[in-house]
Amino acid sequence: MKRQAGLAVIFVTIVIDVIGIGIVFPIVPKLVEEILGGKTASAAYVYGWLIATYSVLQFVCSPILGALSDRFGRRPIILISLFGLALDYLVLVYADSILWLVVARIVGGALSASISTAAAYIADISPPERRAQNFGLIGVAFGIGFIAGPFLGGILGEHSARLPFVAGIGLSLLAAAFAFFFLPESLKPENRKSFRLRDANPVSAFAIITRYPAVLGIIGSFVFANLAERMLESIWVLYSGYRFMTEPVASELL
């Protein structure tokens, strides 16, 4: 019963978290374009680098936070990540230059371990026969979040370019409050292990994966699928605005 309650709480936490992430998707590219004086091509280039910056920090720091969750438990790392996400949005609310956007992406990428730590939480509380089923809930949570998030971001962005970031702060703090008051710790003290730098090294993780060819193939497919998705995300909002919202350009293309 306690496991089911923890699973329900982590599901709701992920949904709220992903809505907060998705809510800014339609807004950040246009904010970059606005800061650059309406230069769409330059905005696409800069926004691509912002996504890369976020991903590099995520690549470097997620194993560190994962190793810390093995040492101190899942709950505190999830809370730190959610507060870090709120801080990321707070910087975006006041960002008036590309430099501040870079700072926001660095903060967000460095502390973006809530989803991966939530997956570790599910692994902790799931018996072997239900593990695949319970992990499927992460996909459901992502689906709900990425439907509701961009939709809300687009609506709020019609009123103010900064309003979706304010909503993102509220959703991140709501998820943090939900986790703080209702999410029990899943990693028992006897199952925790000391923090080691080699466990926090992202490169060493790939060395371990090479021992399992099947896993290596799955990860390769996942990388290419995400490469395609990120390429689309980096240009979609700017291309749509350029193609359909700029009447002179649209009439020429038609």
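Couple of notes before you dig in:
- Taking residues in the range 112-126 that are free of Cβ contacts under 8 Å to residues at least 40 places away in the same chain, and partners anywhere that are open to solvent by less than 30 Å² (accessible area, probe 1.4 Å), the pairs with Cβ atoms closer than 8 Å and at least 6 places apart or on different chains are 119/138.
- Identity of the residue in the range 205-219, surrounded by 11 or more Cβ atoms within 10 Å (Cβ to Cβ) and without any contact (Cβ under 8 Å) to a residue 40 or more places away in the chain, that ends up farthest from the chain's Cα centre (by Cα): 212
- All conditions but one from (1) within 19 Å of the chain's Cα centre (by Cα); (2) of a type in the set (S, T, N, Q); (3) closer than 18 Å to residue 243 by Cβ apply to residue 55; the one that does not is (3).
Yes or no, residue by residue, for (1) in contact with a Pro (Cβ under 9 Å, 6 or more places away or on another chain); (2) hydroxyl-bearing (Ser, Thr, Tyr); (3) within 20 Å of residue 234 (Cβ to Cβ):
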{"site": "40", "(1), (2), (3)": "no, yes, yes"}
{"site": "86", "(1), (2), (3)": "no, no, no"}
{"site": "106", "(1), (2), (3)": "no, no, yes"}
{"site": "118", "(1), (2), (3)": "no, no, no"}
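- Total residues in the range 168-203 satisfying the condition of being of a type in the set (Val, Ile, Thr) and open to solvent by 80 Å² or more (accessible area, probe 1.4 Å): the figure is 1.
- Total residues in the range 127-153 satisfying the condition of being without any contact (Cβ under 8 Å) to a residue 24 or more places away in the chain and among the small types (Gly, Ala, Ser): the figure is 4.
- When restricted to residues that are under 15 Å from the mean Cα position of the chain (by Cα) and either over 24 Å from residue 55 (Cβ atoms) or surrounded by fewer than 17 Cβ atoms within 10 Å (Cβ to Cβ) (or both), the range 120-139 contains 1.
- Candidates in the range 86-101 are the residues that are over 22 Å from residue 173 (Cα atoms) and touching a residue at least 40 places away in the same chain (Cβ under 8 Å); of these, the one that is most open to solvent (accessible area, probe 1.4 Å) is 96.
- Number of positions in the range 155-203 that are within 19 Å of residue 62 (Cβ to Cβ) and in contact with a Leu (Cβ under 9 Å, 6 or more places away or on another chain): 6
- Verdict on residue 38 being of a type outside the set (Asp, Glu) and modelled with pLDDT under 85: yes
- Residues that are open to solvent by 40 Å² or more (accessible area, probe 1.4 Å) and within 13 Å of the chain's Cα centre (by Cα) within the range 22-51 comprise just one, 25.
- Among the residues of the range 52-83, the ones that are buried (at least 18 other Cβ atoms within 10 Å of the Cβ), small (Gly, Ala, Ser) and in contact with a helix residue (DSSP H, G or I) (Cβ under 8 Å, 6 or more places away or on another chain) come to 5 in all.
The values are calculated or read from the model by the stated rules, or taken from the named source; none is laboratory data. These figures come from a predicted structure and were not determined experimentally. Positions of Cβ are backbone-derived with ideal geometry, glycine not excepted, and every protein chain shown enters the neighbour counts. Side chains are part of the model used for accessible areas, which takes the heavy atoms of the whole protein and leaves out ligands, DNA and RNA. Shrake-Rupley method; radii C 1.70, N 1.55, O 1.52, S 1.80 Å.
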